[in-house]
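Visitor: First, the structure itself, so that you have it in front of you.
The values are calculated or read from the model by the stated rules, or taken from the named source; none is laboratory data. Keep in mind the model is a prediction, meaning the values are calculated, not measured. Glycine gets a Cβ as well: all are built from the backbone with ideal geometry, and neighbour counts include every protein chain shown.
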Amino acid sequence: WGGNTYEWSEDVKSTLKNIFKIDSFRPKQLSAINSTLSGQHALVVMPTGAGKSLCYQLPAVVKPGITVVISPLVSLMEDQVRSLTNKNIPAMLMTSTSAKEDTNTALNALKDKNTNIKLLYVTPERLAKSKRFMANLQKCHADGRLQRIAIDEVHCCSQWGHDFRPDYKYLGILSNMFQNVPILGLTATATAHVLNDVQKILNISGCLVIKSTFNRPNLYYKIIEKPTSQEDCLTILEKLLKYRYKGESGIIYTNSIKDSEDLADGLRKRGLRVGCYHANMEANSRSKVHLKWHEKSFQAIVATVAFGMGIDKPDVRFVIHHTISKSMENYYQESGRAGRDSCRAECVTLYRMQDIFKVSSMVFSSVGRLDHLYGMVKYCLNGTFCRRQQIAEHFDEDWGDADCNKMCDVCSNPNTSCREISLELHCKTISSILENAEKQDTKLTAQKLLDAWFLKGPVILRHKGKEPNFSRSIGEDVITFLLVQGYLIEDFHFTAYSTISYIKKGPNMDSIGDVNFVLKMELRKFTEFH
Ligand code: ADP
């Protein structure tokens with residue numbers, strides 16, 4: 001589909017230059033454009049920032065009729081409508097909170113053969129709940145003016161995606177209701193499982209899937225062992241900001257509002273210029289922080305994931321995760337805000353076992369979320385495989401012989417020695433601790449389990465054997481490995497104040513056999529980084 005030999009090819013080229021003021025296509029954009037212009041249903045999978053919107057905006061301009069764009073994020077739609085209007089492309093937005101007047105104009109545009117509106121953005125709930133909208137859309141279709149339906153963030157259809165939204169399930173009717181109207185689904189989530197599910201839900205099974213690479217060759221990936229004390233974490237961040245990233249801009253992500261405030265405070269006390277950003281701040285203060293960062297009076301923003309949309313700073317040189325992300329998809333998106341200018345940038349994650357339970361007790365209630373989190377944990381834990389390759393494989397991309405060019409901690413330290421731990425005996429010990437605790441009617445958190453394993457804590461919970469011949473932090477990795485492989489399972493309990501994650505035995509724990517756990521601990525040392 002990437003060729004240049006269609007009846008619309010000249011128009012596509014001139015629209016790109018003259019209206020969008022863009023010199024050339026990015027990978028796979030032209031394929032997506034040609035396939036949808038030829039009337040095919042297609043799914044476009046591209047990383048965030050790769051330029052998915054052009055894939056429906058440009059066709060909307062090239063052909064007569066209306067393109068309906070379904071998107072869950074009102075602020076992103078507002079940005080797009082603004083940017084289209086600036087290019088003199090008539091576009092409108094319709095949400096459940098739109099003014100009545102705007103809603104009427106939009107609804108009329110669907111009926112009116114002489115309208116100049118090219119793109120109409122709607123939220124999925126608007127589509128699902130407004131009979132009038134559907135009726136007018138059918139009229140538009142009957143008049144032959146419904147050019148295409150673009151569905152942004154299309155992975156939201158699937159329960160298996162990291163961001164399921166119930167309103168998306170209504171979209172399944174579109175392909176039958178609007179025969180011969182091409183559907184163009186767009187997402188940055190690329191696992192084959194989710195894509196298949198999306199095709200089924202939208203009734204477009206077997207449609208074309210156009211996928212661009214997820215590899216970001218200019219990003220260096222690194223995991224650092226996260227210290228247990230906040231002060232030691234601050235010291236690491238301070239050193240990074242003062243020396244390694246001196247004079248450069250970046251983002252530090254945390255997973256709670258309180259953490260973001262505490263960290264920002266701590267860094268300021270150490271003389272760093274950082275801003276704080278989270279959802280509980282007024283819009284006004286948020287824009288101020290954003291602006292100060294843009295003009296470099298803040299070196300970094302310490303933020304929750306609320307800081308995400310609308311970041312268009314090309315020279316972000318570092319993204320540090322003070323806490324792991326909820327999933328690889330989230331991690332890829334958050335870390336991917338670094339290095340948009342294609343120059344080298346670094347994505348550093350501070351990782352330790354305890355944070356798994358911080359995040360898991362927040363996400364456990366949603367289908368599949370725990371698996372997504374464990375995907376993230378596996379990435380942090382696995383120091384024997386190129387990080388870039390792990391990311392590629394997570395997104396079902398064929399890595400082949402591609403080269404990392406020493407752009408991750410694993411590939412830039414090929415000679416780090418391995419430690420291989422045979423798990424069978426250790427699992428017997430851990431099993432016996434858990435069984436013994438059950439007999440005492442006691443539940444163990446991962447920390448309590450480690451205590452008992454390392455012959456600390458209440459004597460009654462300890463085992464009869466010897467202390468393991470490795471450090472407690474290796475012990476943490478072993479427990480984590482057993483957890484993400486399903487040999488151990490998290491068991492959640494609620495109190496009035498929090499959710500506690502206890503550990504219990506998984507179904508295969510007692511038949512683990514001769515599984516080995518391979519570790520490259522030194523990789524995560526902070527000192528090695530300098
Ligand atoms: P996505 O939806 O994939 O996250 P966007 O569609 O928002 O990404 O595009 C990200 C940015 O890239 C926008 O500023 C857009 O104008 C720009 N862009 C898109 N395609 C191109 C291109 N071919 N050349 C240069 N810039 C582009």
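Visitor: Residue check: is K326 over 16 Å from the mean Cα position of the chain (by Cα) and either among the hydrophobic types (A, V, I, L, M, F, W, C) or assigned to a loop (DSSP other than H, G, I, E, B) (or both)?
Guide: no
Visitor: Sticking with this one: Search segment 54-64 for residues being in contact (Cβ under 8 Å) with a residue 60 or more places away in the chain and surrounded by fewer than 19 Cβ atoms within 10 Å (Cβ to Cβ), and hand back the single one that is farthest from the chain's Cα centre (by Cα).
Guide: Looking at residues that are in contact (Cβ under 8 Å) with a residue 60 or more places away in the chain and surrounded by fewer than 19 Cβ atoms within 10 Å (Cβ to Cβ), I get P64.
Visitor: Which residue pairs have Cβ atoms under 9 Å apart, sit 6 or more places apart or on different chains, and have a first residue in segment 111-137 that is in contact (Cβ under 8 Å) with a residue 60 or more places away in the chain and a second that is surrounded by fewer than 17 Cβ atoms within 10 Å (Cβ to Cβ) and hydrophobic (A, V, I, L, M, F, W, C)?
Guide: Cβ pairs passing all conditions: L137/M177.
Visitor: Then there's this: Could you grab me the full set of residues in segment 39-56 that are within 14 Å of the ligand (Cβ to nearest atom) and out of contact with any strand residue (DSSP E or B) (no Cβ under 7 Å at 6 or more places or on another chain)?
Guide: Those that are within 14 Å of the ligand (Cβ to nearest atom) and out of contact with any strand residue (DSSP E or B) (no Cβ under 7 Å at 6 or more places or on another chain): M46, P47, T48, G49, A50, G51, S53, L54.
Visitor: Being farther than 28 Å from V45 by Cβ, out of contact with any Leu (no Cβ under 8 Å at 6 or more places or on another chain) and buried (at least 21 other Cβ atoms within 10 Å of the Cβ) narrows it down to one of L444, L350, L425, so name that one.
Guide: L350
Visitor: Okay, moving on. Looking at F364, F395, F357, can you tell me which residue is of a type outside the set (G, A, S), touching a strand residue (DSSP E or B) at 6+ places or on another chain (Cβ under 6 Å) and more than 23 Å from L519 (Cβ to Cβ)?
Guide: None of the other options fit; the residue is F364.
Visitor: Here are I257, I251, I236: which of them is buried (at least 22 other Cβ atoms within 10 Å of the Cβ) and either within 28 Å of S498 (Cβ to Cβ) or away from the ligand (no atom under 16 Å from the Cβ) (or both)?
Guide: I251 is the lone residue from the list that is buried (at least 22 other Cβ atoms within 10 Å of the Cβ) and either within 28 Å of S498 (Cβ to Cβ) or away from the ligand (no atom under 16 Å from the Cβ) (or both).
Visitor: Filter segment 28-38 for residues that are more than 9 Å from the ligand (Cβ to nearest atom) and of a type outside the set (A, V, I, L, M); which is farthest from V62 (Cα to Cα)?
Guide: K28
Visitor: Something else: Please give the number of the condition Q147 fails out of (1) in contact (Cβ under 8 Å) with a residue 24 or more places away in the chain; (2) over 30 Å from I311 (Cα atoms); (3) outside any strand (DSSP E or B).
Guide: (3)
Visitor: Identify all residues within segment 431-450 that are under 34 Å from the mean Cα position of the chain (by Cα) and outside any loop (DSSP other than H, G, I, E, B); write none if there are none.
Guide: Once the filter is applied, which keeps residues that are under 34 Å from the mean Cα position of the chain (by Cα) and outside any loop (DSSP other than H, G, I, E, B), segment 431-450 yields L444, A446, Q447, K448, L449, L450.
Visitor: Which ones in segment 334-347 are crowded, with 17+ Cβ neighbours inside 10 Å and acidic (D, E)?
Guide: Residues satisfying the conditions are E334, E346.
Visitor: Under the condition of being closer than 23 Å to K28 by Cβ and within 12 Å of the ligand (Cβ to nearest atom), which residue from segment 78-98 is modelled with the lowest pLDDT?
Guide: Only one residue tops the list, namely D79.
Visitor: Which one of these is in contact with a strand residue (DSSP E or B) (Cβ under 9 Å, 6 or more places away or on another chain) and assigned to a loop (DSSP other than H, G, I, E, B): P64, P72?
Guide: Being in contact with a strand residue (DSSP E or B) (Cβ under 9 Å, 6 or more places away or on another chain) and assigned to a loop (DSSP other than H, G, I, E, B) holds for just one of P64, P72, which is P64.
Visitor: A follow-up question, please. Of all the helices (runs of 4 or more DSSP H) wholly in segment 159-243, which have at least 3 residues that are within 30 Å of R26 (Cβ to Cβ)?
Guide: Passing ranges, in order: 192-201.
Visitor: Test T15 against the stated conditions and say whether it is in contact with a helix residue (DSSP H, G or I) (Cβ under 7 Å, 6 or more places away or on another chain) and part of a helix (DSSP H, G or I).
Guide: The answer is yes for T15.
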